[in-house]
1. Which log10 I(q)/I(0) values, to two decimals, does the range 75-133 give at q = 0.26, 0.29, 0.31 Å⁻¹ under the Debye formula with one point per Cα?
2. Quick one: putting +1 on the C-beta of Lys and Arg, -1 on the C-beta of Asp and Glu, what dipole do you get for the range 36-124 around its Cα centre, in Debye to the nearest 20?
3. Taking K and R as +1 and D and E as -1, what net charge do the other residues with C-beta under 14 Å from the C-beta of G46 add up to?
4. Suppose every Lys and Arg Cβ carries +1 and every Asp and Glu Cβ carries -1, with no other charges. What dipole size does the range 42-81 come out with about its Cα centre, to the nearest 20 debye?
5. List the chymotrypsin sites (Phe, Trp or Tyr not before Pro) within the range 28-118 that DSSP assigns to loop and that have no more than 14 neighbouring Cβ atoms inside 10 Å.
6. So what's the angle, to the nearest 10 degrees on a 0 to 90 scale, between helix 3-46 and the longest Cα principal axis of the chain?
7. Just to be sure I understand: with springs between alpha-carbon atoms less than 10 Å apart, which residue in S12, S24, S93 has the highest mean-square fluctuation in the Gaussian network model of the chain?
8. Convex hull volume of the Cα atoms in the chain, per residue, in Å³?
Amino acid sequence: MTTEAIVVTVISSLLSGLVGVVVSFYFFQRLERRKLKMETARKLFGGRHDLGGKEFQEAMNEVMVVFSDSAPVIDAMDDFWTTLQTPKSVRVSTVVDDRLVRLMKAICLNIGIKYKNLPDAYYLRVFAVPKGG
């Protein structure tokens, strides 16, 4: 084997390992970001029955950071927050629900959950069984 062949072999081996590490790191970061978004969405959807509840408020605070790379989610969140800041006596009764549904749909689109045939009313349904039922 010539010196040139040995150098080419060593350099190509090092480069292939380096490329493998970079590609693995990139895909791992994407996976972790997706898992974080899914966890935040799960908390938001799970706590939507109580907008004043701890779980829902934590999820809303996470949305600002976790979905900061998505303009549609941030816009929907801003609209929802602005609506909640408006006194109840001034706002239309259904506007909070409409803005919440818009936020949940924006989050679903961002994380790749399809909702094509799901009516808006389903986003607001809360499953609760009466005690003793």
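Read-outs: derived from the displayed coordinates by stated rules, not from any lab. Small disclaimer: the values here were computed from a predicted structure and weren't measured. Cβ placement follows ideal geometry from the backbone for every residue including glycine, while neighbour counts extend to all protein chains displayed.
1. Calculated log10 I(q)/I(0) at the listed q: -1.06, -1.17, -1.25.
2. Once rounded to the nearest 20, the dipole reads 240 debye.
3. It works out to a net charge of 0.
4. Taking the Cα centre of the range 42-81 as origin, the dipole is about 220 debye.
5. On the way: sites: F28, F45, F56, F67, F80, W81, Y115; in loops: F67, Y115.
Answer in residue order: Y115.
6. 10 degrees
7. Judging by the Gaussian network model, the answer is S12.
8. 183 Å³
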